[in-house]
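**Q** Could you have a look at this structure, given as structure tokens, before my questions?
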Amino acid sequence: MNERVNPLASLGDFAVKTPERKPRPQPEAIEQLAQETGFPSRQPTGAKAAEPMRKQRRYTTGRNVQIPIKGTAETRMQLEQLADELQEPFGEVLARALAALRRELDASNRAAKGQ
């Protein structure tokens, strides 16, 4: 029988070359080079550095339906303030607000019918 010809035989040896590892520069050397070349730091400065991070709100409530709505920044701020004040999740604040609106509408309907 004929032996098959190796089509890759003429390409030579393809040994894997390991790259030379250079030592990492020290952080002090990097900082000095950055200052010498005028490269700005990534650290926050000014008003951004003073702004507190928004508090994470994580509650296990059993609520699993999202209600995507649009509102103003002022409305969002009021919702966050109420949630913080009541120490409740946004869903509970919304439920309580809707219940209060329903009571208000029922009271005004009863007053209008009584006149």
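**Q** Do the conditions hold for Thr60, that is, is it modelled with pLDDT under 85, loosely packed, with under 10 Cβ neighbours inside 10 Å, under 30 Å from Leu98 (Cβ atoms) and of a type in the set (Ser, Thr, Tyr)?
**A** In short, yes.
**Q** For the stretch 56-94, give me each residue that is basic (Lys, Arg) and in contact with a Gly (Cβ under 7 Å, 6 or more places away or on another chain).
**A** Arg63
**Q** Something else: Let me spell it out: the conditions are (1) touching a Gly at 6+ places or on another chain (Cβ under 9 Å); (2) surrounded by 10 or more Cβ atoms within 10 Å (Cβ to Cβ); (3) of a type in the set (A, V, I, L, M, F, W, C), and Leu101 meets all of them except one. Which number is the exception?
**A** Status for Leu101: all satisfied but (1).
**Q** In addition: Taking Ser108 as meeting all but one of (1) within 17 Å of Tyr59 (Cα to Cα); (2) modelled with pLDDT under 95; (3) surrounded by 10 or more Cβ atoms within 10 Å (Cβ to Cβ), write down the number of the exception.
**A** Among (1) within 17 Å of Tyr59 (Cα to Cα); (2) modelled with pLDDT under 95; (3) surrounded by 10 or more Cβ atoms within 10 Å (Cβ to Cβ), the lone unmet condition for Ser108 is (1).
**Q** Taking the stretch 78-97, which residues are exposed (fewer than 11 other Cβ atoms within 10 Å of the Cβ) and either part of a helix (DSSP H, G or I) or touching a Leu at 6+ places or on another chain (Cβ under 7 Å) (or both)?
**A** Glu85
The values are calculated or read from the model by the stated rules, or taken from the named source; none is laboratory data. All figures in this text were calculated on a predicted structure; none of them were measured in a lab. Quick reminder, even Gly has a Cβ in these numbers, built from the backbone with ideal geometry, and neighbours come from all protein chains shown.
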